[in-house]
Amino acid sequence: MVVVTWNRRDLLRSCLQSLTRQQLNQPFEVVVVDNGSSDGSPEMVLEEFAEHPAFRLKLVRNLENRGFCAANNQGFEASNSELVALLNNDAEAEPDWLRALTGAFEENREVGMAASKILVYEDPRRIDKVGHLIYPDGQNRGRGTGEIDAGQYDCVEEVLWPDGCAAMYRREMLDQIGGFDEDFFAYADDAELGLRARIAGWSCLYIPGAVVRHHRGATLGVRSSRRLQLIERNRVLLAFKLFPWSLLWLNGVYYLTRLAASLWAAVRNRGEVAQFPGIRGKVRASLALLTGDFQALRMLPKMLAKRRHVNQIRKLSPREVRKLILRYRIPLKQLTEQAI
């Protein structure tokens, strides 16, 4: 399995400690990819976990922050297992997490991905994500985000794709379609990989017994303009790389509809923009979105070129991809009135 880290030594320690308690009936390896931490994280990893009997440790050290996508791809390359799990360094896994996820792949060879039940660390009654949903303009959101966990997601079922915070992937699938798109750097990267895998004919199972607890927004912070900028940029990139043209032509309409609904939510202090209080905060959020859009425009030629590679691995027709996206469409009100 792979854990990508950038500073946050104490959270990383708790993450790795949770992996020492895994009740898996077979040995496993943990590849920690350090993205140039300056807080002593790699030294802590070697000192406290290099000789731990619970797992075999590999440490990959980068001199700079290469981003979530590139670092996970390094982890994929360094791992030798047929199934590769991801766990954010700000998440802690329950003891049965790995065993539960592994079971998703035993019956069906078409299952290429498995999704966890991710709960909010600070309030484990509340759901962070249980798989993903998507809006037809490319914005994606965790399924069940913000809901109280009352057992409504306690059945094994197919979902669109897993959240990269806590997921498992089949090596065969990764070898066929490739890993994360490193142009995304961070945010919506799991959506791009997941939708690309679905287009290639792989499915995803949600496993409710695979539970982790996640410190939400710990990477850049929920009020980070950079975070909002990357989310918006990568929304556009995902759509232009993977969406069928029948949806892509309507992207502007869907986007403007969502923008209007988001503005109405912000007036009532709801939704993502509500994380940026006051007039100055709203201006800062708007500039972040515009910056993300302009950055995406510069990258569109590269994304359009990548569409040709997607066509080489395609199993679903454009019509089937459209039906898939609309099947897992998130309601507009839910998308715009809840904060990520």
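The values are calculated or read from the model by the stated rules, or taken from the named source; none is laboratory data. Since this is a predicted model, take the numbers as computed values, not measurements. Here the Cβ positions follow ideal geometry from the backbone for every residue, glycine too, while neighbour counts run over all protein chains shown. For the accessible areas, the whole protein counts, side chains as well, though only heavy atoms, and no ligand, DNA or RNA atoms are used. Shrake-Rupley method; radii C 1.70, N 1.55, O 1.52, S 1.80 Å.
Structure values in brief
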| quantity | calculated |
| --- | --- |
| Kirkwood Rh in Å, taken over all unlike Cα pairs in segment 68-130 | 13.5 Å |
| Accessible-area value, residue 333, 1.4 Å probe, nucleic acids and ligands omitted, Å² | 140 Å² |
| Cα-based helix-to-principal-axis angle, 225-242 vs the chain, degrees rounded to 10 | 80 degrees |
| Theoretical FRET efficiency, 1/(1+(r/R0)^6), r = Cβ-Cβ of residue 300 and residue 106, R0 51 Å, to 0.05 | 0.80 |
| The chain - mean residue ellipticity at 222 nm from DSSP helices (-39,500 (n - 2.57) per run, n ≥ 4, rounded to 500) | -13500 deg cm²/dmol |
| Rg to Rh, two decimals, where the chain supplies the alpha carbon set and Rh follows Kirkwood | 0.95 |
| Cross-link reach list, aspartates and glutamates versus residue 323, counting only Cα pairs under 16 Å and skipping chain neighbours closer than eight places | 137, 158 |
| Flagged links, alpha-carbon separation over 31 Å, of 129/315; 117/302; 282/306 | 117/302; 282/306 |
| Antiparallel DSSP beta bridges within the chain, as percent of all bridges there, nearest 5 | 50 percent |
| Per-selection Kirkwood Rh - segment 1-127 (Cα, Å, 1 d.p.) | 15.2 Å |
| Accessible area per residue in Å² at 1.4 Å probe, computed on the chain | 43 Å² |
| Acute angle (nearest 10 degrees) that the helix 9-20 long axis makes with the longest principal axis of the chain, alpha-carbon atoms | 60 degrees |
| Residue 126-residue 56 pseudo-label distance in nm [points 7 Å out on the Cα-to-Cβ vector] | 4.1 nm |
| DSSP-defined beta bridges in segment 71-209 - what % are antiparallel, rounded to 5 | 80 percent |
| Rounded to the nearest 10 Å², the accessible area of residue 52 at probe 1.4 Å | 60 Å² |
| Viscosity 0.890 mPa s, 25 °C: Kirkwood-radius Stokes-Einstein D of segment 104-232 over Cα pairs, µm²/s | 162 µm²/s |
| Computed over the chain: relative contact order in percent, which uses C-alpha pairs under 8 Å that are six or more apart | 19 percent |
